[in-house]
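All remarks here apply to the structure that follows.
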Amino acid sequence: MSTSVLKRQLITDAEGNPIGVILPMEEYLMIERSLPREGTPDIQIEKLNRMKHAANDTLFMADLNETMDSFSIVDSEWWEHET
């Protein structure tokens, strides 16, 4: 039986520049507590405010409607229909 050895794996962009890393879970758990937390209350409030504003934003709603119209045919073909 062979033993797997997990190593850090670099994630690179199209030019080969390192942009991220995949860590073994054991290493991630060691540093997890020191990582910055996303989703602080201020950020969550800002996201909610943007969502409320989006419903009254004519450009956003136009984009949303255009996207929904573009996918309406595909959606109707993809979903299973009752017979």
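The values are calculated or read from the model by the stated rules, or taken from the named source; none is laboratory data. Predicted model only: the values in this text are computed from it and were never measured. Cβ placement follows ideal geometry from the backbone for every residue including glycine, while neighbour counts extend to all protein chains displayed.
Which ones in the range 5-25 are in contact with a strand residue (DSSP E or B) (Cβ under 7 Å, 6 or more places away or on another chain) and β-branched (Val, Ile, Thr)?
If the condition is that a residue be in contact with a strand residue (DSSP E or B) (Cβ under 7 Å, 6 or more places away or on another chain) and β-branched (Val, Ile, Thr), then Ile11, Thr12, Ile19, Val21, Ile22 are the ones that fit.
Looking only at the range 38-56, count how many residues are of a type in the set (Asp, Glu) and modelled with pLDDT of 85 or more.
1
Which one of these is out of contact with any Pro (no Cβ under 7 Å at 6 or more places or on another chain), at pLDDT 90 or above and of a type outside the set (Val, Ile, Thr): Leu35, Leu23, Leu59?
Leu59
Write out, first by first residue and then by second, each pair whose Cβ atoms fall under 6 Å of each other, whose residues are 6+ apart or on separate chains, and whose first residue, in the range 63-83, is surrounded by 10 or more Cβ atoms within 10 Å (Cβ to Cβ) while the second is in a loop (DSSP other than H, G, I, E, B) and at pLDDT below 80.
Close Cβ pairs (under 6 Å, with a partner that is in a loop (DSSP other than H, G, I, E, B) and at pLDDT below 80) do not exist here.
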